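**Q** My questions will all concern the structure given below.
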Amino acid sequence: MKYVRQFLIILVISFIGELLRYYIPLKIPASIYGLVLLFAALELRIIKLVSIRETSRFLIEIMPLMFVPAGVGLLSSWGVLKPVCVPIMVIVLISTIIVMAVSGKVTQGVIRMEKKHPKKKNGADHIYVKDSEGERQYISENSI
Amino acid sequence: MKELLTNSVFFGVMVSILTYELGMFLKRKLKLAIFNPLLISIAAVIVCLLAFNIDYDSYNAGAKYISYLLTPATVCLAVPLYEQVELLKKNAKAIFAGILSGVLTSILCVLAGCVIFGLSHEQYVTLLPKSITTAIGMGVSEELGGIVTITVAVIIITGVFGNMMAEFVCKVFRIQEPVAKGIAIGSAAHAVGTAKAMEMGDIEGAMSSLSIAVAGLMTVVAAPLFAEIL
């Protein structure tokens, strides 16, 4: 019954998510409300991690499988997709790569910038801190 | 026989899992990104349905029980996020900047593509929410007057492609920080990409799931501002 109870907790959160979606006039899916709620509940210690851990691991692990039916759904929307297929595919494929590269690079850039300049306001120690941090970062980069 | 395949509620689930296992097997044996289990499974099920002349609705009568788990599974993405919350706080600025740049890049790429191919306003707004999760994307497309069925198709294609390309893109563009990898994948390829990020590591997975929610919300705000340009 342990896993059923874990599943129950997750379903309750999902259900509250659906209630919120129903009553709040925004185009936000129930799952996102649920995600935020569960996160808040974990942070506030309302739900303990141990009481959902195994089931949530399992659900996350099999998640890719859950997209199969939606993907197969392309079969029924093929009629509308076919006439604009080529330009749409080109746009989708190229932009996906560009978006991934840009957001990854920006995130990494800011992370590394912050590592190099940990505390800008400490004027006197600044050079010293920057040097030692720079050194450390160089080593960690090589070790990746 | 066909009667049975069409009427059995187990057939859809069975064939989905079976083809997914086939995909896992091929991936292990051949180790190529193109042999993505999700892609293989989708393609194999489509071939199977066409070969036995089964329509999508009868397949989905069973397969919908797999999709049924999607909401609870997405809710569970809060768990890796909770486990990585310190990392999130520490890199808040970088994460926010990364997701925002991803959302804007996505919109600008779609705009540029639509101008180049001379697509209509309707097709443009249909493509705008392509990088975000289906549930939010459908809403955005509908709101702006797009064709929702195409939006869903495009979101799925984006996700599967992002899932396939994630490791390659990170390698070529030298995205090495686990946090940056996760943000990149989640911002570009929503939940389907996140499945790949989860395989790459806990940090990648947590950051990717965070990006689904944040990128989705940012697109809800940003897309209408850009909708009238074309």
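The values are calculated or read from the model by the stated rules, or taken from the named source; none is laboratory data. Not measured: the values here are computed from a predicted model. Positions of Cβ are backbone-derived with ideal geometry, glycine not excepted, and every protein chain shown enters the neighbour counts. Each accessible area value is taken on the protein alone, full model and side chains, heavy atoms only, with ligands, DNA and RNA left out. Shrake-Rupley method; radii C 1.70, N 1.55, O 1.52, S 1.80 Å.
**Q** Mind giving me the FRET efficiency for residue A:76 and residue B:1? R0 is 22 Å, r the Cβ-Cβ distance, nearest 0.05 is fine.
**A** 0.45
**Q** Distance between the C-alpha centers of the stretch B:121-137 and the stretch B:1-50? Whole Å please.
**A** 27
**Q** Next up: Using a Cα-Cα cut-off of under 28 Å, which lysines could be cross-linked to residue B:64, ignoring same-chain neighbours fewer than 8 residues away?
**A** Leaving aside lysines fewer than 8 places away in the same chain, those within reach of residue B:64 are A:2, A:27, A:82, B:2, B:27, B:130, B:196.
**Q** Follow-up question, since we're still on this one. Across the stretch A:7-20, in residue order, what do the Karplus-derived ³J(HN,Hα) couplings come to in whole Hz, using 6.51 cos²θ - 1.76 cosθ + 1.60 with θ = phi - 60° and x for Gly and Pro?
**A** Computed from phi, the couplings for the stretch A:7-20 are 5, 4, 4, 5, 5, 4, 4, 4, 5, 4, x, 5, 4, 4 Hz.
**Q** So what is the 222 nm mean residue ellipticity for the protein assembly as shown from helices alone, if each DSSP H run of at least 4 adds -39500 (n - 2.57) and you divide by all residues, rounding to the nearest 500 deg cm²/dmol?
**A** -26500 deg cm²/dmol
**Q** Could you order B:174, A:57, A:112 so the one with the most accessible surface comes first? Probe is 1.4 Å.
**A** Of B:174, A:57, A:112, the descending order of accessible area is B:174, A:57, A:112.
**Q** For the stretch B:158-173, in order, what is each residue's ³J(HN,Hα) by Karplus, 6.51 cos²θ - 1.76 cosθ + 1.60 with θ = phi - 60°, in whole Hz (x at glycine and Pro)?
**A** For the stretch B:158-173, the Karplus-derived couplings read 4, x, 5, 5, x, 4, 5, 8, 3, 5, 5, 4, 4, 6, 4, 8 Hz, x marking Gly and Pro.
**Q** Now a separate question. If you add up the charges near residue B:128, with Lys and Arg at +1 and Asp and Glu at -1, over every other residue whose beta carbon is less than 12 angstrom from its beta carbon, what do you get?
**A** Around residue B:128, the surrounding residues sum to -3.
**Q** Express in nm, to one decimal, how much length is gained between residue B:148 and residue B:50 on full extension, taking 0.36 nm for each residue of separation and deducting their alpha carbon distance.
**A** Extending this stretch completely gives an extra 32.9 nm.
**Q** Excluding residue B:187 itself, calculate the net charge of residues whose Cβ lies under 15 Å from the Cβ of residue B:187, where each Lys or Arg counts +1 and each Asp or Glu counts -1.
**A** Result for the neighbourhood of residue B:187: +2.
**Q** Which ³J(HN,Hα) values in Hz, rounded to whole numbers, follow from the phi angles of the stretch B:110-121 under the Karplus curve 6.51 cos²θ - 1.76 cosθ + 1.60, where θ = phi - 60° and Gly and Pro get x?
**A** Ordered by residue, 3J(HN,Hα) equals 4, 4, 4, x, 5, 5, 4, 8, x, 7, 7, 4 Hz.
**Q** Give me the log10 of I(q) over I(0) for the protein assembly as shown at q = 0.06, 0.08, 0.09, 0.11 Å⁻¹, as the Debye formula computes it from C-alpha points; what are the numbers?
**A** The Cα Debye sum returns log10 ratios of -0.23, -0.41, -0.52, -0.78.
**Q** Roughly how big is the B-A contact, given as buried accessible area in Å² (both sides, 1.4 Å probe, nearest 100)?
**A** The contact between A and B buries close to 7500 Å².
**Q** A further question follows. For helix B:134-144, what angle does its Cα long axis make with the longest principal axis of chain B, in degrees from 0 to 90 and rounded to 10?
**A** The angle comes out at about 70 degrees.
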